[in-house]
Each structure stands twice: as C-alpha cells, then as structure tokens.
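Below: one structure, written as structure tokens.
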Amino acid sequence: MDLTEAIKHAIDGNAVLFVGSGFSFGATSLSGDSPLSGRAFARHLYEAAGVEAEDSDLSIASQMYVAEFGEARLAQVCREMFTIRAAADHHRKIASLPWQRIYTTNYDDLIEKAAGDTGAIVTSVTPSDPPERFLSSGRVCLHINGLITRLAVGDLSSNFKLTFESYLRDALEGSPWQSLLRQDFRLARAVIFVGYSMYDLDLARIAHAEDIKDKAIFIASPSLKQNSPDSLRLPLFGDLLKIGVTAFAEEVANVSLGYAAKPQSEDYIALQRINPTISIAQPSNADVEKLFLYGDLKPELLGSNSSNSASRYYVIDRREIASAVASLNAGQDVVLTSELGNGKTVALRQISVTLSEHGWSVFNITQDSKLIRRELSHLISANVPTILLIDGYIPFIELIDYVALRRIGKQIRFLLTSRSHVHELYLDRLETALKVKSVAEYDLNMLAKEDARCLVSMIDTYGLWAEFSSRPDTDRLKLIAHDSGGQFHQVLLKLYEAPQIATKVKALFDEIRPSVRKVAIAIFILKAAGFNLEKALINDLLEDSVLIRLSNNDRESVRFLWADSGGYIRLKSSVLAEYYLTSQGDAGEVLAVLSGMFKRAQRLGGSTSEYFMRSTMTYSALQKMLPKLGLRAAVVAFYEDIQNTAFAKRNPHYWLQYAIARMSLEDTEFEKIGNYFKAAYSYAKSINNYDTYQIDNHFARFQLQEACRLANSEDAFDIYTKAKAILLKQTLREQKYQPYSAAAGVADFARVHGERLSSKQASDIVAFCDTVIERVSRLKSPVRDHRYVVRCRSELSAMKVWLESLWPSDRGKSAE
C-alpha cells in the first residue's frame with residue numbers, strides 16, 4: 001500500500017496503529033534517556049547482573065536480574081526506564097491522528113503522553129481490562145505486554161510480560177481483545193506498524209490469518225541492514241519502509257496539510273434503514289389472501305391492525321408486541337421466538353413500526369460483512385437511539401458481539417428472532433455475546449384468547465373459512481384453540497388443507513420442472529433449518545444445483561414461492577413450504593435431497609455446514625421437512641443414512657435426537673431407545689465440559705414413558721424414582737421451561753399406576769407435585785407463563801387432587 005494513501009485512511013479514522021519499541025526513539029524517560037528497545041534492555045540487564053551472554057533474550061535477562069537483585073529492584077528500573085517525562089514532536093504528530101485503534105507491545109506511556117500534549121485523550125488498557133467498558137467512547141491504546149503505570153508488586157510474573165515466567169503465558173490468549181484485534185485488522189483500510197519487528201509469533205499468526213499484507217506498512221529504522229532478520233521477515237506481512245519514525249511523522253504532517261477527513265455519510269448502503277410508510281387504506285380480500293396463503297406482506301398496511309381498525313384489519317396486534325416495545329424502551333434486548341410460521345417475522349415488522357413512532361432509528365441486518373461492520377461503527381459513534389433487527393440471529397452471534405463490545409452507554413438495542421428450539425440451544429451464547437445477564441424473551445407460538453377471537457373474525461371477514469364458514473363462532477374458536485393448538489402456523493396449515501386451496505397449491509407446484517423442484521425443496525429445507533437463504537449456500541449444499549441457470553420460465557414458475565434479491569432468496573411463506581414438504585411432497589424425493597445436502601455439508605466442513613447438520617438432525621426441525629405420510633419410515637431412514645458420517649456417529653446430539661425421534665413416534669422398542677441414550681451419554685463424556693442437561697431432561701421423559709408401559713407397578717415406581725431425581729435437580733437449578741415439560745409426564749405415570757400404588761408411594765408423588773408447583777410459582781415471567789410450564793402446573797395440580805382423594809390421610813411434604 002502507498003504510504004500517502006495509508007495516512008489518508010488514518011486521517012479518515014480507518015487505520016490501525018501498531019507501535020513497537022522503535023516508536024519510542026527521541027522520547028525522554030525518567031532516567032533521562034529514551035526507553036530502550038527490548039533487545040537493548042536485555043543487554044542492559046545482563047550487564048547490570050554481571051552475566052556475559054551473547055543473546056538478547058529479555059525474558060532470560062530479566063530472570064537473571066531478578067535472581068541477583070530481586071523483583072522490587074527490577075520493577076524500579078522499569079519505572080525509571082519506561083515512564084515518559086517528555087514526548088518528541090514526531091510522536092505528537094502521529095498520536096494526533098484519529099486512529100481506529102492503537103496497539104503496542106511497549107510498557108511505556110508514550111502514546112498517552114504524546115496525545116495529551118495535543119489536547120487529545122487516549123485511554124490506556126491492558127488485556128486484563130474488559131473491552132466493553134472502554135470501546136463505546138474515546139480512543140483506546142491496548143498495551144499487550146503490560147503498562148508501566150499499572151506495574152505493582154507481583155506483576156512482573158503475571159500482568160507485565162517481561163520475565164521468563166510471564167512469557168510462558170500469551171497475554172492475548174483467551175482474551176476478548178484477541179478477537180477485537182482480529183476484527184480491527186480485518187476492518188481497517190490500513191494497518192501501520194511503527195518500530196515493530198513482528199517477533200511475537202502469536203501476533204504474527206494473527207496478522208497472517210487476517211491476510212493484512214495488502215494494507216500493512218512497516219516503518220523501520222533507516223539503519224536496518226538489508227540482510228537482517230527484520231528485513232527478511234517483515235515483507236512477508238506488508239510493505240517495509242526504512243524511513244524511521246521522524247520521517248514518517250513528517251509525511252503525516254505533509255499529507256495532513258493537503259487532505260481533509262472525509263465527512264461521515266448519514267447514508268447507509270449495507271444497513272437497511274426501515275422507514276415505515278403507513279397507509280390508512282383498508283386491505284382488500286386479495287391482500288389478506290396473499291398474506292395468509294403466500295406470505296406476500298405489504299408493509300404499508302401494517303398500521304391496519306386489530307387494535308385500531310373496527311372490522312377490516314390486516315394484522316393482529318398481539319399482546320407480545322406491546323410487551324416487546326416496553327422492554328426495548330426500558331433498555332433490554334429482545335428475542336421473539338416461535339416455530340416456523342407462527343408470526344415472528346410479521347411481529348418484527350409491527351414492532352419496528354411502533355419503535356419508529358417512538359423516535360427510534362430502526363435498521364435491518366441481513367448479512368455480515370466488512371461494510372456492515374464499518375457502517376455499524378459509524379452508527380454507534382453517532383449515538384442516536386437505534387434498534388437493530390435481525391430475523392434469525394444464530395448466524396450473527398459474532399456480529400452481535402462486535403456491536404455489544406462498543407455500545408456501552410449508548411442507546412442501541414437488539415430486536416432478534418429465532419426458531420424456539422434453536423434459541424434454547426444458543427441462549428447462553430447469545431447472552432454472552434450481548435454482555436448481559438438476561439435477555440427479554442417473548443414466545444409467539446401460542447395465540448392468546450383475544451388474539452384467537454381476532455383471527456376468527458379476520459378469517460371470517462375475508463372469506464377464508466371455506467366449508468367452516470357456516471359454523472358458529474364457538475366451533476371456529478375450537479378449531480384455533482384446540483384443533484390447531486392455539487398456533488397460527490397450524491391454522492394456516494388447515495386453511496391449505498381446504499380442498500379448493502389444496503388443489504390450487506398442487507397446480508402451482510405441478511408447473512415446476514423436477515430439476516427446479518429439487519432447488520425448491522433444498523430452499524424449503526434450509527428455511528426449516530433456520531438459515532438465511534444465501535444463493536451461495538444453496539449452491540454449495542445442493543449437488544449440481546441449477547439455481548444459477550434458471551431460465552425466465554423457471555423463475556416465473558417459482559415466483560409465488562420466493563423473491564430473488566441480490567445474493568439472497570426471500571421465501572414468501574415458510575408455512576406454504578412446510579405444507580408442500582409434509583403434505584404434498586414425494587417422500588423419496590424430499591429424503592434424497594435432504595440426505596444429499598447433509599452429506600455435502602459433511603464434505604464441505606466449516607461452521608455453517610456444522611450448523612446445518614446439527615439443525616437438520618434435530619427431530620423438531622426434521623418433522624417440518626419430511627412428509628407426514630410414512631413419517632416414521634422416512635425419519636428412521638434419514639437417521640440411519642447419516643449414522644456413519646464422521647459428524648454423526650460419535651456425536652451425542654445425534655444419538656439424543658434419534659432417541660427423541662423414536663420416543664415421539666411412539667416407538668415401542670424401548671431397549672433400542674435406551675441404547676441411544678447410553679450412546680449419547682458415552683460420547684458426551686469424551687467431550688470436555690459437555691453439559692448433559694438436554695440428555696438428562698429427555699432421559700427423564702424416556703424413563704417416565706418406560707414406567708408407563710410396565711405392568712408391574714413396583715418396577716415402574718423404581719424407574720419413576722430415578723426420573724424424579726433428575727427433574728427435581730433440574731427444576732431447582734434451571735430457570736427454563738424444559739424440566740417442567742418433562743415433569744408433566746409424572747401425571748401420565750400416576751394415571752397408569754395410581755390405583756395400584758401404596759399410600760407411601762402416592763404420598764411421594766403428591767410431594768413431588770407440591771415441590772414442582774411451588775417452584776413454578778417462583779419462576780420469572782415469561783418462563784412461568786410458558787405453555788409447557790402452565791400445562792405442567794395444571795396436570796400436576798389435578799393429579800395431586802386425584803391421588804389425595806384416593807388416600808385422604810395426612811402426608812409428608814418433601815419430595816427430596
């Protein structure tokens with residue numbers, strides 16, 4: 001990179017400065033001299049300790065000095081050598097630039113002193129400081145090896161990288177600053193090293209991995225010999241300029257005279273600003289039919305909702321929307337969760353409308369890129385109330401971490417969505433990325449009673465009921481609340497099953513050529529697995545994909561399914577996709593595409609492929625990918641087909657999900673299912689720090705199912721006792737709904753064996769019910785109001801009453 005261009009990037013705030021010992025040339029320390037370089041300081045310590053040595057290894061030299069004079073004496077020498085009394089003019093010129101970030105391996109406080117002389121403030125940090133406390137305001141200089149003003153007794157062997165013992169520990173290893181350094185190298189337009197020789201192998205590996213060669217410049221001493229190690233090594237990482245720090249500062253001054261920093265644009269290219277245009281027009285029948293059946297959302301009609309429209313409205317104003325808005329206004333991040341097609345994407349858009357009315361700037365994020373991160377950095381520095389929307393947050397965990405590190409003290413909130421079962425797996429990781437102890441979660445799977453009534457009215461108004469139109473409202477409410485489990489997704493599936501709609505859908509799919517239908521199935525599978533539909537990903541995972549070769553006729557035949565936008569496919573209706581896969585798709589065709597994509601992901605490797613494989617072998621996702629007709633055979637065929645892949649065969653998650661699938665399909669081969677759990681536990685033990693929480697939870701559910709099928713009540717009670725121990729432990733320690741979902745199975749066990757149990761055994765179950773019900777009362781909302789927790793409390797309460805009616809005598813209260 002040209003030096004002038006690099007300096008211009010620095011003036012614009014888009015360059016990283018990395019300084020080593022050579023940068024300190026010309027500064028004056030408390031000792032009256034310039035701080036010595038690492039090699040020169042090593043020779044100085046050897047000489048003072050009376051050691052004749054040919055090397056200039058600072059870690060060994062300092063250890064020798066400590067052995068002779070003690071650590072306190074070395075600390076005093078360091079303070080005199082590296083505390084800066086005065087910076088030189090060239091230091092001030094360099095420090096005055098608005099660097100994106102400054103890194104140094106030096107112990108001295110020269111950067112801070114030089115910046116202060118120009119009226120600027122640079123905050124000093126070390127790897128032991130949490131980045132999120134410092135990145136949201138002002139400029140920061142990270143002292144990788146320690147900072148002289150932080151030197152305290154004992155630090156020479158820990159936080160101050162000087163002695164041999166301290167060199168045994170990599171200062172950045174395991175630190176969030178290592179991730180930040182990688183991000184800065186990746187995003188900077190220029191990286192300028194001054195007086196640094198790249199001797200640290202860990203830093204050299206980072207520079208190499210981030211491939212900074214085309215934007216890196218090394219400013220070295222004019223006296224650097226042509227055949228020296230630095231002259232040979234540094235060009236491997238960037239352009240080497242042997243001009244010295246003084247000449248570099250003069251070049252900074254010259255470029256600054258003729259170049260003004262580019263003004264920060266308020267326009268964003270990669271970030272999508274949401275400026276809702278709300279129409280007062282009423283939706284037509286066609287508008288609502290397209291929304292319900294094909295997922296064609298008209299954003300301008302979102303203002304027509306069940307709260308402010310008397311009869312003809314476009315969307316339901318669900319109670320979770322107001323709760324989510326309140327949480328965001330109160331300073332919390334929010335996650336909307338639901339399974340496929342239960343309304344989280346529409347709710348996301350409704351919330352964005354309300355937030356815009358409340359004065360928030362709302363931006364939608366659909367990809368992660370260098371440009372996105374640069375624009376996010378500008379957005380953060382602008383410090384305006386901002387909401388960042390991410391529909392399907394899992395692939396964006398690293399981006400979320402990037403923003404969270406920099407937003408402290410700023411009004412920047414995340415509004416995220418996720419599939420429910422996937423969010424359960426990633427919640428801890430999300431909270432870590434967000435730097436928060438908890439995130440506000442709103443489950444959209446179940447419609448509230450009032451929402452169900454609004455949906456009945458809406459479907460009735462627009463004539464979508466078909467053969468149900470003549471039935472009374474009570475029957476239609478029953479269709480939603482009971483037959484559809486209170487889920488919008490299930491209501492839509494029932495609408496698709498209406499003969500006139502099913503025929504219309506089948507005709508649309510029949511128009512698609514088989515090779516194009518294969519692409520459609522692959523897209524549906526990726527959506528069911530929770531992926532953003534990148535064209536590159538589709539082509540990678542689908543063998544011989546014809547996506548890039550679609551003719552105009554092919555594109556027209558699938559226009560009702562998706563919109564083609566840049567590098568992404570936007571699926572219009574995930575429920576329509578599920579309906580086709582589970583109700584109209586050919587089992588052999590769907591299974592062939594799914595297995596082929598899984599094996600292709602296995603060959604490709606990488607985190608995206610791993611996430612795809614993990615998602616598709618999760619039974620709850622698999623149910624939405626395979627046809628209902630012959631589901632059991634298709635599920636077993638898929639699990640057995642992938643069983644010997646390297647990813648699955650020793651993976652505890654695979655064996656757990658296979659066990660869950662066989663249990664859910666009411667498989668009677670309990671011995672086989674038990675063996676799958678044994679395999680899951682066995683492989684989990686071979687993985688360091690593997691949390692068996694999920695395996696334990698489902699194993700307790702399995703034990704209760706097994707107890708229900710046994711004829712001998714004594715044997716069944718023994719198995720119940722083992723399951724009870726797991727569930728009591730989980731309900732005591734976990735603030736999640738899963739233990740309570742499994743605990744409801746105790747009611748099933750009691751129904752089967754209750755009348756054959758002894759009074760003591762019945763008392764034990766009653767005490768278990770009391771304990772779990774009491775723990776439910778101590779749960780925080782919304783976990784306490786989760787449908788599985790509500791069901792558990794209801795089931796166990798009813799079971800307790802029934803058992804007490806069988807044995808009305810007084811009982812103990814403990815289930816422990």
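The values are calculated or read from the model by the stated rules, or taken from the named source; none is laboratory data. Bear in mind that the values here come from a model prediction, so they are computed numbers and not experimental data. Cβ sites come from the backbone with ideal geometry, for glycine too, and all protein chains shown count toward neighbours.
Here are the numbers for this structure:
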{"read-out": "Number of the condition not met by C769 [criteria: (1) over 30 Å from the mean Cα position of the chain (by Cα); (2) at pLDDT below 90; (3) crowded, with 21+ Cβ neighbours inside 10 Å]", "value": "(2)"}
{"read-out": "Hits in segment 1-53 - residues which are in contact with a strand residue (DSSP E or B) (Cβ under 9 Å, 6 or more places away or on another chain) and among the acidic types (D, E)", "value": "D2, E5"}
{"read-out": "Test set (1) at pLDDT 85 or above; (2) buried (at least 17 other Cβ atoms within 10 Å of the Cβ); (3) not in a loop (DSSP other than H, G, I, E, B) - F292 fails condition number", "value": "(1)"}
{"read-out": "Residue in segment 136-156 that is surrounded by the fewest Cβ atoms within 10 Å (Cβ to Cβ), counting only those that are part of a loop (DSSP other than H, G, I, E, B) and at pLDDT 80 or above", "value": "N145"}
{"read-out": "Restricting segment 646-656 to residues that are surrounded by 13 or more Cβ atoms within 10 Å (Cβ to Cβ) and assigned to a helix (DSSP H, G or I), the residue that is farthest from the chain's Cα centre (by Cα)", "value": "K649"}
{"read-out": "Pick from segment 97-108, criterion part of a loop (DSSP other than H, G, I, E, B) and of a type in the set (F, W, Y), ranking: modelled with the highest pLDDT", "value": "W99"}
{"read-out": "When residues of segment 328-346 are limited to those that are in contact with a helix residue (DSSP H, G or I) (Cβ under 6 Å, 6 or more places away or on another chain) and among the hydrophobic types (A, V, I, L, M, F, W, C), the one surrounded by the fewest Cβ atoms within 10 Å (Cβ to Cβ)", "value": "L340"}
{"read-out": "Any chance L172 is modelled with pLDDT of 60 or more, in contact with a helix residue (DSSP H, G or I) (Cβ under 9 Å, 6 or more places away or on another chain) and surrounded by 23 or more Cβ atoms within 10 Å (Cβ to Cβ)", "value": "no"}
{"read-out": "Test for D55: is it under 20 Å from V140 (Cβ atoms) and without any contact (Cβ under 8 Å) to a residue 60 or more places away in the chain", "value": "no"}
{"read-out": "Residue check for R92: charged (D, E, K, R) and either crowded, with 21+ Cβ neighbours inside 10 Å or farther than 20 Å from S175 by Cβ (or both)", "value": "yes"}
{"read-out": "Helices (runs of 4 or more DSSP H) lying entirely in segment 354-461 (those with 3 or more residues that are crowded, with 19+ Cβ neighbours inside 10 Å and within 14 Å of the chain's Cα centre (by Cα))", "value": "397-406, 420-434"}
{"read-out": "Count - residues of segment 46-74 that are assigned to a loop (DSSP other than H, G, I, E, B) and β-branched (V, I, T)", "value": "1"}
{"read-out": "Residue list for segment 689-717, restricted to those being closer than 14 Å to G754 by Cα and either without any contact (Cβ under 8 Å) to a residue 24 or more places away in the chain or among the aliphatic types (A, V, I, L, M) (or both)", "value": "L704, A707, L710, A711, N712, E714, D715, A716"}
{"read-out": "Options K494, K504, K518: the member that is on the phi < 0 side of the Ramachandran plot, at pLDDT 85 or above and assigned to a helix (DSSP H, G or I)", "value": "K518"}
{"read-out": "Helices (runs of 4 or more DSSP H) fully within segment 576-642 counting 2 or more residues that are more than 17 Å from D540 (Cβ to Cβ)", "value": "587-604, 619-622, 631-642"}
{"read-out": "Criterion (over 30 Å from S323 (Cα atoms) and either in the same structural domain as Y426 (by TED's automatic domain parsing) or not acidic (D, E) (or both)) met by exactly one of S781, S741, S794, S759", "value": "S759"}
{"read-out": "Any hit, segment 75-96, residues being in a helix (DSSP H, G or I), of a type in the set (S, T, N, Q) and over 22 Å from A261 (Cα atoms)", "value": "yes"}
{"read-out": "Test: R273 is of a type in the set (K, R), more than 30 Å from M198 (Cα to Cα) and either surrounded by 15 or more Cβ atoms within 10 Å (Cβ to Cβ) or at pLDDT below 90 (or both)", "value": "yes"}
{"read-out": "Among the residues listed as S682, S686, S741, S759, the single one being over 37 Å from the mean Cα position of the chain (by Cα) and either crowded, with 21+ Cβ neighbours inside 10 Å or not aliphatic (A, V, I, L, M) (or both)", "value": "S759"}
{"read-out": "Tally of residues being assigned to a loop (DSSP other than H, G, I, E, B) and touching an Asp or Glu at 6+ places or on another chain (Cβ under 9 Å) across segment 33-45", "value": "1"}
{"read-out": "Test set (1) over 28 Å from S574 (Cα atoms); (2) among the small types (G, A, S); (3) free of Cβ contacts under 8 Å to residues at least 24 places away in the same chain - A286 fails condition number", "value": "(1)"}
{"read-out": "Candidate set from segment 564-575 (those that are assigned to a loop (DSSP other than H, G, I, E, B) and in contact with an Asp or Glu (Cβ under 9 Å, 6 or more places away or on another chain)); member that is surrounded by the fewest Cβ atoms within 10 Å (Cβ to Cβ)", "value": "G567"}
{"read-out": "In segment 596-637, the residues that are of a type in the set (F, W, Y) and either within 18 Å of the chain's Cα centre (by Cα) or surrounded by fewer than 17 Cβ atoms within 10 Å (Cβ to Cβ) (or both)", "value": "Y611, F612"}
{"read-out": "Top-ranked residue in segment 52-63 [being surrounded by 20 or more Cβ atoms within 10 Å (Cβ to Cβ) and not polar (S, T, N, Q); ranked as nearest to N145 (Cα to Cα)]", "value": "L58"}
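A quick yes/no check of all residues on (1) surrounded by fewer than 16 Cβ atoms within 10 Å (Cβ to Cβ); (2) out of contact with any helix residue (DSSP H, G or I) (no Cβ under 9 Å at 6 or more places or on another chain):
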position	(1), (2)
L201	yes, yes
A216	no, no
K225	yes, no
A247	yes, no
